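This report refers to the structure that appears directly beneath it.
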């Protein structure tokens, strides 16, 4: 029971603050003899890396990962893999405003209420910088899952603007700065988000993550359900306020007939006529693609002033200067993929443990 | 790491199938010297009990709970509390159709894919009957939380029909068979659900659970977040496909300004101008009411035929006769409350452990 | 993190007090499709059962186990197995003396110091009766391990009297009331223990448990070591004060040369010239027999008076009447075997999970 | 369930190999606002550091610890504390002999049997170098326990030579290179160990750790017993083959009367007339000093040749050149103290969590 770990057989522990010397994670329980080098991890970190477009924070971090243990001659040894990422751009600056004033909607208030201590520098442990460690761990998880499992994510809603799912094109995701699968949305979103940024505001988003090739049988009733663990994993990402599997909240409005995924035999295989369930039935993977979505709220760090209070109990409007993403949901796409990968890798090992 | 346990310091393990001799749970870690008798638990079970209205299954189960251990002279001893509920109405009947044919959308397929074994009787371990144990454990959790914490749930959407939140009346919840807080909806829902039942269909629902009086500081970054644990707990309930905290998915469409809960000092206390966050910031309770919602899909057990396959690989339409709820979401209301209670009790003890 | 659970993939949770209506356990994580009926469990319980010889407590408990869940048509389903044993001989009697006076060396004092509550009836949760649940769980673990793994225990020391290891005969163990492998000791032990009992005293013992046929590779560095988990499991048995693996404390006096188990190739297999290590190297099984020993102190429940204090702070000698074993170590033999079986089953699944 | 973590509320995860760039650990769950700097940790590492006398390995490692996270302005923040120790003396050398030949009694064989991979350099993850991380974590644990709890360890047996307990002097422990509390033994041990080293041999030892000032009530029945967790923690230290609490194995030979720790009221306090129990009754601390002992076997790394086999299945005697401790038990003293500190800190928080 660790506050900063998740997973059971494939277990990830992260540590570090945005303004300390480094952040990192320990990946324990990884099977031995899997190929692993920094080059297997770095591309995923690069996707999440700040400063890559006008629509993400201008903080410049190379986010270069180092493997400190658990790998020998390019192979995992079965012992803990320690990954370290140095913080290089800890710009010394004036935190004046937010050093003493809480940001409404930010964790700075509740950290202080809980721990009685205030690390005002860049969010401390609550900074989204922690998610770089998840992405690194996710890259290791992908090695566990192997080539047969493909995990991809996309932004399906930016603020009030949703994609048209009939235009979904996975190839488009890598061509625009939004991880948007609908090319027609991109110019619209660019203009919209430029406006948000200019206004000193921030905006929310919805991310969808799809895992294909997941074998049936992963997940366990009733408190080790695959969707239960996915929900926890995705909800643990900064600023996430909702999680759905398959049709999610829309399924509440459906009848059992509308929501059913009919079965039939095709070439001797059980085949599904639809995937309302998002690939999970009774908490166990069915062999269909696993589909999860999560909603990211707009960040509370923005230029627009909000009524707030200081640590010593004075009313005071707060403005967050700094370098912040107008839509933190964008960079949450690779994070969501990583969490999916870690949960699946854990359940793959757990299933193998119990059922063989 | 138990598949059938949840919680850490306040830890619940459930066991049992719908058609075995009994179901039950073990509640471990409960603080000593709390008052506890069967009478503290039974009323919550009675709320969830089947057969109470035309809108729930007609299976008749008294669901009488027995405390087998952990209580001495009406007080908890600090040792494990074993709760047992006998299954009395295991009607011997013809499972002919579903004994060999999978129900699309039901866990019977994935249980078989995972374990290679098929307990066709009433869903076996995947039956919603298991949730009675959650409700019993939730009653114990309420003793841990004490009188200062109030947890209530309500059905806020039945199929496509949402309540009008401006008419929310908690007293109304106990007056109708839907746990509906909007009196104006009740006749409409009665007619609608009667139609669904008559058509041999089923329908989904959305439940909201609110916890008031929760002290600030519960929950821990970053993988022991209160909302992360709530999401796992609610998603583990049968048929749940989505979970939201506070504004949930709606927050994706908001700007940071619209989503902010402004702070001000009132009588020397930090006061919130809104509760978009649902009482949780950075995974830690803020002192505001905790607000969670979850979506329940329509059950796959219905009279309407759906294309399916048999265990030996034949195409065959399936009809589920039996006694089933047309809307399983209704009886999920006390279950949702119970999961909220258990998660909060666990975090109360965890917080006390770390911070004192 | 449950106080009353152990194991990870094969996980056992026990509950119940000696004087409540029943005791029981939940075995979670058991692989599916293993044969299991009450008849697979009962023989092990019968070995531990009280009242079988003059040298164990005269409490008469049939200790009949019931399987309440997790088994369908004689096979495990992969879901939690609930086992229940009713307490039938809860003789209503006069606890006068020990109801208010602590027994020096007994847990009654520390339970009260910890929980502030006193269940004086027969030791409550601290009663050795809890170990019946371990034995039941151990029988399930043996099904997981299969026929290839053989686990046997023996009493190797009764009070100051040690066996002569050169006379070790496993067949003898089942022929005498001490689980003693050295036939020559039996008459001597009978006379000695009769004297202890007549004097109203109690005496300690040392138990050895050996597991043969354990595959190499079980256990994991560095905090999931097989010997580390065995030590925890054996030390958790009532009254145990010491645990050894292989040569144990004797190895402290040896040189590296004396302690080495030389290796050689025999018929293409690595073969060991000795087993000082007790089958575990670096926390991982080597393929040799696993050998563990544990020391059981004399019970504090005896007729001989000991200076003590009452709950309200008066000096008072205490005498424990009741029906107690003069040597609780004897009935600890099947308990030790069961703990070995549970630890090995857990590690078998964990190893399979990580390494495949 | 992490193979490389221990503890629950105070949880330590270690990583790293002896010949990688660094080793380290993550301490999670530490209460906030405790004073902590590198200077609180370094002195304990210095006690364990190699190269300090003729009787420990001549490997020169400064073992300088860095705090990478979880501390802000000299205080713990409640978030994970990452500690890092660089490996500086990874002397490039000829591993010829042990690169391909197993050392009888060493983990190199079982690692290979388990993982199918062989990191021959200095023992890899099985190296005692890992224990530096335990010592660092133990220093943090001491801050949690506070000044009122005093934890000290000593070597009570070197090979066949035991101390005379009547001459026990804690001050002497820091004056000799053996952590020996009996000054009269020191010259004798010096001569004896010099002989062992000269003969290219190694020798075992027994360490005793005593914790004074531990409040009553720590530990929980029945699988969270304080002695059960201590046994696991001490048994997890490299080369440990036995663990005792209080009188340990000697208690097996005692009658209940001889083993009883009589109680009496002194100045309104319950007072113990002896401490055979080693401060733990029924798995819960009694308020008396906690006394634990553990046996360390002689290391298998020595100059004396032992019959062995190569990785490719040839018989071959093996000699371990390298720089090894003739008695690894000596440097296990601060490690044993650290494990005691970590277990107590965890139980302190767990007790506070459940009981308040």
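The values are calculated or read from the model by the stated rules, or taken from the named source; none is laboratory data. Quantities reported herein were computed from a predicted structural model and do not represent experimental measurements. With ideal geometry, Cβ positions are generated from the backbone for all residues, glycine too; neighbour counts draw on all protein chains shown.
Only one residue in C:224, C:138, C:217, C:148 is under 30 Å from residue A:29 (Cα atoms) and surrounded by fewer than 16 Cβ atoms within 10 Å (Cβ to Cβ), so which one is that?
C:148
Of everything in the range B:145-164, what is within 13 Å of residue B:340 (Cβ to Cβ) and in contact with a helix residue (DSSP H, G or I) (Cβ under 9 Å, 6 or more places away or on another chain)? Give them in sequence order.
B:145, B:149, B:151, B:152, B:153, B:154
Just a yes or no: is a residue in the range A:17-32 touching a residue at least 60 places away in the same chain (Cβ under 8 Å), over 30 Å from residue D:353 (Cβ atoms), more than 13 Å from every other protein chain (Cβ to nearest Cβ) and buried (at least 20 other Cβ atoms within 10 Å of the Cβ)?
Within the range A:17-32, not a single residue is touching a residue at least 60 places away in the same chain (Cβ under 8 Å), over 30 Å from residue D:353 (Cβ atoms), more than 13 Å from every other protein chain (Cβ to nearest Cβ) and buried (at least 20 other Cβ atoms within 10 Å of the Cβ).
Name, by its number, the condition in (1) in contact (Cβ under 8 Å) with a residue 24 or more places away in the chain; (2) in contact with a strand residue (DSSP E or B) (Cβ under 6 Å, 6 or more places away or on another chain); (3) closer than 24 Å to residue B:202 by Cα that does not hold for residue B:305.
Residue B:305 satisfies all of (1) in contact (Cβ under 8 Å) with a residue 24 or more places away in the chain; (2) in contact with a strand residue (DSSP E or B) (Cβ under 6 Å, 6 or more places away or on another chain); (3) closer than 24 Å to residue B:202 by Cα except (1).
Looking only at the range A:158-179, count how many residues are without any contact (Cβ under 8 Å) to a residue 60 or more places away in the chain and within 14 Å of another protein chain (Cβ to nearest Cβ).
Residues that pass the stated criteria total 4.
Go through the range A:180-189 and give me each residue that's in contact (Cβ under 8 Å) with a residue 24 or more places away in the chain and surrounded by fewer than 22 Cβ atoms within 10 Å (Cβ to Cβ).
Hit for the range A:180-189 is A:188, nothing else.
Just to check your reading of the model, which residue among A:50, A:32, A:62, A:43 is modelled with pLDDT of 95 or more and assigned to a loop (DSSP other than H, G, I, E, B)?
A:32
Of the residues C:252, C:292, only one is buried (at least 24 other Cβ atoms within 10 Å of the Cβ), closer than 22 Å to residue D:227 by Cβ, in contact with a helix residue (DSSP H, G or I) (Cβ under 9 Å, 6 or more places away or on another chain) and without any contact (Cβ under 8 Å) to a residue 40 or more places away in the chain; which? Steps first, please.
Values: C:292 fails: without any contact (Cβ under 8 Å) to a residue 40 or more places away in the chain.
Residue meeting the stated conditions: C:252.
If we keep just the residues of the range C:72-95 that are within 27 Å of the chain's Cα centre (by Cα) and modelled with pLDDT under 95, which is nearest to residue A:220 (Cα to Cα)?
Here the residue is C:87.
Let's see how each residue does on (1) in a helix (DSSP H, G or I); (2) touching a helix residue (DSSP H, G or I) at 6+ places or on another chain (Cβ under 7 Å):
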{"residue": "C:132", "(1), (2)": "yes, yes"}
{"residue": "C:136", "(1), (2)": "yes, yes"}
{"residue": "C:139", "(1), (2)": "yes, yes"}
{"residue": "C:166", "(1), (2)": "yes, no"}
{"residue": "C:178", "(1), (2)": "no, yes"}
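Can you tell me which of (1) more than 7 Å from every other protein chain (Cβ to nearest Cβ); (2) within 21 Å of residue A:157 (Cβ to Cβ); (3) part of a loop (DSSP other than H, G, I, E, B) is the one residue A:201 doesn't meet?
For residue A:201, the exception is condition (1).
If a residue has to be at the interface with chain D (Cβ under 10 Å from one of its Cβ atoms), under 21 Å from the mean Cα position of the chain (by Cα), assigned to a helix (DSSP H, G or I) and within 16 Å of residue C:240 (Cβ to Cβ) to count, how many in the range C:100-130 make the cut?
4
Would you call residue D:69 out of contact with any helix residue (DSSP H, G or I) (no Cβ under 9 Å at 6 or more places or on another chain) and under 30 Å from residue A:116 (Cβ atoms)?
no
Return the residue satisfying two criteria in turn: it lies in the range B:204-215 and is in a loop (DSSP other than H, G, I, E, B) and over 17 Å from residue D:78 (Cβ atoms), and of such residues it is nearest to the chain's Cα centre (by Cα).
Kept after step one, since they are in a loop (DSSP other than H, G, I, E, B), are these residues of the range B:204-215: B:204, B:213-215.
This time we only want the ones that are over 17 Å from residue D:78 (Cβ atoms), so: B:204, B:213-214.
Working: B:204: 14, B:213: 20, B:214: 19 Å.
Per the stated criteria, the residue is B:204.
Please go through (1) at pLDDT below 95; (2) in contact with a strand residue (DSSP E or B) (Cβ under 9 Å, 6 or more places away or on another chain) for residue C:268 and return the number of the only condition it doesn't satisfy.
Status for residue C:268: all satisfied but (2).
Residues of the range C:151-171 being surrounded by 14 or more Cβ atoms within 10 Å (Cβ to Cβ) and within 22 Å of residue C:204 (Cα to Cα), which ones?
If the condition is that a residue be surrounded by 14 or more Cβ atoms within 10 Å (Cβ to Cβ) and within 22 Å of residue C:204 (Cα to Cα), then C:152, C:153, C:154, C:155, C:156, C:157, C:158, C:159, C:161, C:162, C:163, C:168 are the ones that fit.
Report yes if residue B:47 is surrounded by fewer than 20 Cβ atoms within 10 Å (Cβ to Cβ) and over 18 Å from residue B:144 (Cα atoms), otherwise no.
It is true that residue B:47 is surrounded by fewer than 20 Cβ atoms within 10 Å (Cβ to Cβ) and over 18 Å from residue B:144 (Cα atoms).
Might you check whether a residue that is within 30 Å of residue B:260 (Cβ to Cβ), out of contact with any helix residue (DSSP H, G or I) (no Cβ under 8 Å at 6 or more places or on another chain) and modelled with pLDDT under 95 occurs anywhere in the range A:322-337?
Checked against the condition, which is being within 30 Å of residue B:260 (Cβ to Cβ), out of contact with any helix residue (DSSP H, G or I) (no Cβ under 8 Å at 6 or more places or on another chain) and modelled with pLDDT under 95, the range A:322-337 yields at least one hit.
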